[in-house]
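For reference, the structure is listed below as structure tokens.
The values are calculated or read from the model by the stated rules, or taken from the named source; none is laboratory data. Being a predicted model, the structure only gives us computed values, none of them experimental. Cβ coordinates were reconstructed from backbone atoms using ideal geometry, including for glycine residues, and neighbour counts include every protein chain displayed. These accessible areas exclude ligands, DNA and RNA; they are computed on the full protein's heavy atoms, side chains included. Shrake-Rupley method; radii C 1.70, N 1.55, O 1.52, S 1.80 Å.
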Amino acid sequence: MKIMALRFSIYTLLVLSVYFISNCPVNLAHRNEDDPTIKTMEEFSGYPIHESHFLNSLSSLSVDAETLQKQIDELSSFSDSPAPSVTRILYSEKDVLSRRYIKNLMEASGLSVREDAIGNIFGRWTGSEPELAPVSTGSHTDAIPYSGKYDGVVGVLGAIEAINVLKRSSFKPKRSLDVIMFTSEEPTRFGIGCLGSRLLARSKELALQLEKIVDGQNVSFFDAAKSAGYMNVEKLSTVFLVKGSYSAFVELHIEQGPILEEEATSIGIVTAIAAPASIKVDFEGTGGHAGAVLMPKRNDAGLAAAELALAVEKHVLESGSIDTVGTVGILELHPGAINSIPSKSHLEIDTRDIDEERRNSVIDKIYESALSISKRRGVKLSEYKIVNQDPPALSDELIIKAAESASQELKLTYKKMISRAYHDSLFMARVSPMGMIFIPCYKGYSHKPEEFATIDHIADGVKVLALTLAKLSLS
């Protein structure tokens, strides 16, 4: 009887202790996390008292929205075009200033900062079990000419603020948390999108390409990087990450589309990223005087390009899916005079889908059309080159569930959706499980000065990101 009574007393004590801790303020429970009695209770019950209670308490996370908006505005001032537009090209003076700004913010948040050979910036909050693969988050700060101030930036400054939110809440991660600012997500200077994340994902082809590539002013990639202070840029293989370097990567981003705003939904949880394939096409005709050469005798390279542009639209629409898209973003004619029949034309085509086979089928049909158009119009198809043909990426189910759970706990409306724009996440998916969190943006505008996201929506995204990171860190 005495033994039974003793067992009952111990059991009662444990139950009461768990109840007491579960109803304490977060910081009290957290301060006592090293208490041997609590550790004994956790071992006895097999239930991590601190972790579950803390995550439940994080529903009241507080974002310093005023400071975050100020940082977004300050970063936008590092621009080579006047406000409200932003132009920040890879390794330019303004890009270097923005890098310094981000590193200072990381250090002010207590993160240990490092840069790799091409300027990917990492800020780490070391967890209690640093031997475990860390959780990472981040985005980019470079900006195409005359764009807006939120694309990418929300995912960098928002990530730093998410770390600050967790720190203010007395959270301590088990897995370390990394904030990454990727180098050159935009293809503006050297024509390569997601340059930094591609290298992190071990693209040996890109590493070889960067050894000989030049920009529009004939400046080599290596010289441009060195001018920005990256003196070891030749050691590109040191940038490569081993698969599994991170246990998860989560990117916060404006939607760059109108769906969330139109549906009055706070959060988008990305299930897949549609990957682009880029194609360059050149036609050559005979040209001639616009008045002297009769219509039946013409071999018009410009009309061949126009016909192919319409064929791109036709093949995309016939794919059977709304997720298939195609764009002729560049169409150039030579000699480019109103009274001269074009003797040469150049097109650059972007086609995307979350279904790789369906997208590749469209590419094949575009090629078939280019051949038939050249034959029918008597022009030469002098080039048909697939510049890149990246596979789409699926978000990891555990990350989707973590973001979904975070949205529910924060009482925010959300929907699952695909990303039709590509991001650094597309390539980080080759390194680790990946996920993305979208917030609404005004009319879906992006890559233009009118790009805008309210600070309330940004703060909601930061909260969801913080809680998602916390969940993943404790996994």
Item checked: One residue from Lys385, Lys448 being among the basic types (Lys, Arg), in contact (Cβ under 8 Å) with a residue 24 or more places away in the chain and closer than 30 Å to Gln71 by Cα -> Lys448
Notebook entry, point to check: If you scan region 270-314, which residues turn out to be of a type in the set (Lys, Arg) and crowded, with 18+ Cβ neighbours inside 10 Å?
Noted result: Arg298
Notebook entry, point to check: Across region 416-453, what is the total count of residues that are open to solvent by less than 60 Å² (accessible area, probe 1.4 Å) and over 17 Å from the mean Cα position of the chain (by Cα)?
Noted result: 1
Next item on the list: Could you list, in sequence order, all residues of region 84-116 that are under 16 Å from Glu161 (Cα atoms) and in a loop (DSSP other than H, G, I, E, B)?
Entry: Ser109, Gly110, Leu111
Notebook entry, point to check: Residue check: is Ile338 assigned to a loop (DSSP other than H, G, I, E, B) and modelled with pLDDT of 95 or more?
Noted result: yes
Next item on the list: Scan region 315-329 for residues that are crowded, with 19+ Cβ neighbours inside 10 Å and part of a helix (DSSP H, G or I) and jot them down.
Entry: His315, Val316
Checklist line | Output for region 168-226, where each listed residue is β-branched (Val, Ile, Thr), within 23 Å of Leu97 (Cα to Cα) and in contact with a strand residue (DSSP E or B) (Cβ under 9 Å, 6 or more places away or on another chain) | finding: Val179, Ile180, Thr183, Thr188, Ile192, Val214
Margin query: Among the residues that make up region 205-227, is at least one of them closer than 26 Å to Pro130 by Cα and open to solvent by 50 Å² or more (accessible area, probe 1.4 Å)?
Written below: no
Check: Can you tell me which of Ser136, Ser79 is open to solvent by less than 50 Å² (accessible area, probe 1.4 Å), at pLDDT 95 or above, over 28 Å from Leu467 (Cβ atoms) and of a type outside the set (Lys, Arg)?
Finding: Ser79
Check: When the residues of region 227-262 are filtered to those that are touching a residue at least 60 places away in the same chain (Cβ under 8 Å) and hydroxyl-bearing (Ser, Thr, Tyr), which remaining residue is farthest from Ile399 (Cα to Cα)?
Finding: Ser227
Margin query: So in region 275-290, with the set limited to residues that are over 15 Å from Pro342 (Cβ atoms) and either part of a helix (DSSP H, G or I) or of a type outside the set (D, E, K, R) (or both), which one is nearest to the chain's Cα centre (by Cα)?
Written below: Ala275
Check: Looking at region 347-387, which of the residues that are in a strand (DSSP E or B) and polar (S, T, N, Q) is farthest from the chain's Cα centre (by Cα)?
Finding: Ser382
Next item on the list: Please state which one of Val312, Val250 is in a helix (DSSP H, G or I), in contact with a Gly (Cβ under 7 Å, 6 or more places away or on another chain) and at pLDDT 95 or above.
Entry: Val312
Margin query: Take the conditions over 25 Å from Thr454 (Cα atoms) and charged (D, E, K, R) and apply them to Glu74. Does it pass?
Written below: no
